[in-house]
Amino acid sequence: MRFSTLVTLGSALVGTAMSAACAHKKCMSKDEMSAAIDKYAAFISDYQEDVGLEFLAEDFEHYSDGINTLTSKDLGSQTFNKTSFMAGAAAAKAFGAVYTINVMDVYMTTCDMAALSWYAVFSHSPDVERELPARGITVLGFERNPDFVEDETDEWQVKLMTLEFNSLVWLLNSGGDYEGVRPGTQPEEITVEEGVYPDFDELDQPEPSVAGNSTAKI
């Protein structure tokens, strides 16, 4: 199934999930939502512990069945909490994984949620000629920071992060290993050591935005 078809189906499902009314709570303004999405992209691109401590809510929940499959967790189960998510991000950074997240489209927003697609470019070593890019769809749910102080802290934190993406590509680019066989290939054709991947130059990929200037358009 083509990625564009998945995006269409994903957007429809997200729209249904987001239909609950939120009239009895404070909603994010358009500028606040845009700033929060930009901060998400910057945070994933360049993990910083102090940012994670403030930006992720204490009851943060992360869900990804792509990751659950690779880690033998039950589908639909919680993938990370705040502590484990930050630990994983720190480990990837310690390995030297560098990935730039470019927000491609913001499909919809509600009072405190956003559905968006992104494109990631990887690099972690000058000895690596090229690495496969990844694309994904993320649903972000925000909540007010209980410790919010005007002009000192951000008012909104990430409470929920649900995403699906090229999780196997992300795993390999981040220094992980996986012995599964890709559909339509023979085991000897997919060893990481041999680096048998599709030609990066022939991949159908969007033009990435300049790092740090990928302001979300809502």
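All of the numbers you see were taken from the coordinates with simple rules; none came from a lab. None of these values were measured; they are calculated from a predicted model. So basically every Cβ, Gly included, is an ideal-geometry build from the backbone, and we count neighbours across all protein chains shown.
Some points to look at:
- In terms of other Cβ atoms within 10 Å, 143, 49 run from fewest to most in the order 49, 143.
- Within a straight-line Cα-Cα reach of under 18 Å, residue 73 can be paired with the following lysines, leaving aside sequence neighbours fewer than 8 residues apart in one chain: 82.
- For 83, 110, order by how many other beta-carbon atoms lie within 10 Å, fewest first: 83, 110
- Geometric extent, Cα atoms of the range 35-85 - Rg, Dmax (angstrom): 12.2, 35
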